[in-house]
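Accompanying notes for the structure given below.
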Amino acid sequence: VGRGDNGKIEGLFDFARRYMTANDIRPANPGLWEHVVHTWETYRTLPVFTTNFEVSRVSFFQRADVKQWHEALTEEPPFGVLRRRWGDAQTRVLTMAMFAKEEDLSRHRHLGYMHGRGKCRDYFDKEQARDDY
């Protein structure tokens, strides 16, 4: 988990805290939530997952509590997604901290992909890369 650009997060952390309080939400992933709080208090930005490759379970995002949170992001004041352009990378980390247990997350550094022609094979022995493709 890295730190995101704080240009598109004005008011997002405070909104998330108020939402959690108003809806009596305790973070399902306390460790990730602590990281969010620490990142905010220390750097005044929010963490993001590395987004080059991401797999999500659709059923998780269709849960009533998750849908209600996402609806609040767009349909309740300050209408942050629309008016302040709150980003999906930061809201995804908040969503995971609030609703996904640690055992539901799988975070791995994937060294086999990088933007640019031919970059992927730079990480592997040419013989191994030939066998894998």
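The values are calculated or read from the model by the stated rules, or taken from the named source; none is laboratory data. Remember, it's a predicted structure, so these values are computed and weren't measured experimentally. Note that we place each Cβ from the backbone using ideal geometry, even for glycine, and neighbour counts take in every protein chain shown. Note: accessible area is taken over every heavy atom of the protein model, side chains too, but ligands, DNA and RNA are not part of it. Shrake-Rupley method; radii C 1.70, N 1.55, O 1.52, S 1.80 Å.
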Inset, instruction - Whenever you get a sec, line up Leu82, Leu105, Leu12 from highest to lowest accessible area (probe 1.4 Å, protein heavy atoms). - result: Leu82, Leu105, Leu12
Inset, instruction - Kindly report the accessible area of the range 1-101 per residue (heavy atoms of protein chains, probe 1.4 Å, no ligands, DNA or RNA), in Å². - result: 60
Legend entry - Proximal charge balance of Glu34 [Cβ under 14 Å; K/R count +1, D/E count -1]: 0
Inset, instruction - Based on the mean of other Cβ atoms within 10 Å per residue, sort peptides 18-26, 96-104 so the most packed one is first. - result: 96-104, 18-26
Inset, instruction - Using a 1.4 Å probe and counting only protein heavy atoms, arrange His38, His70 so the residue with the most accessible area comes first. - result: His38, His70
Inset, instruction - Return the long-range amide H neighbours of Val48 (sequence gap of 5 or more, or a different chain), with a cut-off of under 5 Å between placed amide H atoms. - result: Gly2, Arg3, Gly4
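Just flag the GluC sites (Glu not before Pro) in the range 45-84 sitting in loop per DSSP whose Cβ has no more than 11 other Cβ atoms within 10 Å. Write down the numbers at each step before the final one.
Working: sites: Glu54, Glu71, Glu75; in loops: Glu54.
Answer in residue order: Glu54.
Quick check: from the Cα gyration tensor, does the range 33-96 come out rounded (a/c under 1.5), prolate or oblate?
Verdict is oblate for the range 33-96.
How much of the accessible area of the range 1-103, probe 1.4 Å, is carbon plus sulfur, in whole percent?
Working: 2930 of 6290 Å².
Using a 1.4 Å probe with all protein chains present, the range 1-103 comes out at 47 percent carbon and sulfur.
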